[in-house]
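First up is the structure itself, then whatever we jot down about it.
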Amino acid sequence: MRTFALFVALLALALLLAAALTYPAWLLVGTVSVEPVHRVMNRLAMLIALIGLVVLTRRLGLSNRAALGYGMPRGEFLRQLGIGWICGIALMLPLVALLLTFDVRQIKPGLDGDIVPLIVQGLLSGLVVAFIEETFFRGILFTAIARTSSLLAAVVAPSVLYAALHFLGGKLRVPPEEVSWVHGFDVLSRLFERYTQPLAFVDSFLALVTLGVLLALVRLRTGAIAACIGLHAAGVCMIFVLRDTTAVNSHAKLASIVGTYDGVIGWAAFAWFAAIVAAFAWSQSQLSGSSSRDS
């Protein structure tokens, strides 16, 4: 797990450097537009992490297509991505149907007009998020841990980190005339404020860990991240559209099944994802057993 620790340390160092450089970066950005200090700090941390990631992956020999999860012909990659997207929609539909059937989420009043632009926006957002996150978690990180530790660690460790990063906070509103060097560290100190009450999001955390495990198993089964990107993009798209067209009904009897994170990912999602992981793992064990007997 030494390699995993290196990547976690890289993320931590990126946050520290970003906090230290937030004020001059905010002043520079201010010549173009006025942005909240927390947004500048977050974007700066991402940039620093990206630069560090490029350096670290090269040092570890992970900068080739296979290690990144892109080691297959383009046509096959796109085919698997499409299949993954279709499967992602199929995976999310029962969950969405459950939430709507039991009025856990209700159609927003006054909703009208063409929702096609909303779907297109959700699709594009899903693809961008999926390409970035899957390249890191199920691409680079999966390969790095699998090479230096075990496949089990490669499945579990990135999944836990993937879930944990979803609950970082850090929003800070400061009048422009009061922004100073200290505010980068103020944002940094707020990043983990949600973790002071972990029980408030344990359902969403477990659901995201389970989803990460499912994506890792797909990566292991297919040998690439194409299907993972499709699955992930479809899920993000569905949640994007659902959150823009419906609202949580806090008075519903089953309101607690969606948790407080995003009004979608909660206990219901955890149970559903866990069932899919169990079914997928069982089917793969059956295929492995059949192949062993045939040989």
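The values are calculated or read from the model by the stated rules, or taken from the named source; none is laboratory data. Just so it is clear, the model here is predicted, and its values are computed rather than measured. Cβ coordinates were reconstructed from backbone atoms using ideal geometry, including for glycine residues, and neighbour counts include every protein chain displayed.
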Of (1) modelled with pLDDT under 95; (2) under 30 Å from residue 49 (Cα atoms), residue 116 fails just (2)
Exercise for the section: Determine whether residue 107 is out of contact with any helix residue (DSSP H, G or I) (no Cβ under 6 Å at 6 or more places or on another chain) and touching a residue at least 60 places away in the same chain (Cβ under 8 Å). Expected result: yes
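Take the conditions under 18 Å from the mean Cα position of the chain (by Cα) and assigned to a loop (DSSP other than H, G, I, E, B) and apply them to residue 167. Does it pass? Walk me through it before giving the result.
Numbers: under 18 Å from the mean Cα position of the chain (by Cα): yes; assigned to a loop (DSSP other than H, G, I, E, B): yes.
Judged against the criteria, residue 167 is a match.
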Just one listed residue, out of 206, 151, 165, 199, is hydrophobic (A, V, I, L, M, F, W, C) and either surrounded by 15 or more Cβ atoms within 10 Å (Cβ to Cβ) or touching a Ser or Thr at 6+ places or on another chain (Cβ under 9 Å) (or both), and it is 206
Contact list, first residue from the stretch 70-88 and of a type in the set (S, T, N, Q), second anywhere and assigned to a helix (DSSP H, G or I), beta-carbon distance below 8 Å, six or more apart or interchain, is 80/222; 80/226; 80/227; 80/230
>> Can you find a residue that is within 19 Å of residue 133 (Cβ to Cβ), buried (at least 23 other Cβ atoms within 10 Å of the Cβ) and either touching a residue at least 24 places away in the same chain (Cβ under 8 Å) or not basic (Lys, Arg) (or both) anywhere in the stretch 241-260?
In response: no
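Does residue 141 fit the bill of being outside any helix (DSSP H, G or I), buried (at least 16 other Cβ atoms within 10 Å of the Cβ), of a type in the set (A, V, I, L, M) and touching a residue at least 12 places away in the same chain (Cβ under 8 Å)?
Details: outside any helix (DSSP H, G or I): no; buried (at least 16 other Cβ atoms within 10 Å of the Cβ): yes; of a type in the set (A, V, I, L, M): yes; touching a residue at least 12 places away in the same chain (Cβ under 8 Å): yes.
Taking the combined requirement at face value, the residue does not satisfy it.
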If we keep only residues of the stretch 188-228 that are over 12 Å from the mean Cα position of the chain (by Cα) and of a type in the set (Phe, Trp, Tyr), then the residue farthest from residue 165 (Cα to Cα) is 201
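Per-residue answers, yes or no, for (1) modelled with pLDDT under 95; (2) among the polar types (S, T, N, Q):
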position: 232; (1), (2): no, no
position: 242; (1), (2): yes, no
position: 251; (1), (2): yes, no
position: 256; (1), (2): yes, yes
position: 264; (1), (2): yes, no
position: 268; (1), (2): no, no
position: 271; (1), (2): no, no
position: 279; (1), (2): yes, no
position: 283; (1), (2): yes, yes
Does residue 208 qualify as being closer than 27 Å to residue 279 by Cα and either touching a Phe, Trp or Tyr at 6+ places or on another chain (Cβ under 9 Å) or of a type outside the set (Val, Ile, Thr) (or both)?
yes
Residue hits (the stretch 42-71; farther than 12 Å from residue 144 by Cβ and of a type in the set (A, V, I, L, M, F, W, C)) are 44, 45, 46, 47, 48, 49, 50, 51, 54, 55, 66
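Just to check your reading of the model, which residue among 83, 51 is among the β-branched types (Val, Ile, Thr), within 20 Å of residue 130 (Cβ to Cβ) and either within 24 Å of the chain's Cα centre (by Cα) or at pLDDT below 90 (or both)? It would help to see each step written out before you state the result.
On the way: 51 fails: within 20 Å of residue 130 (Cβ to Cβ).
The unique qualifying residue is 83.
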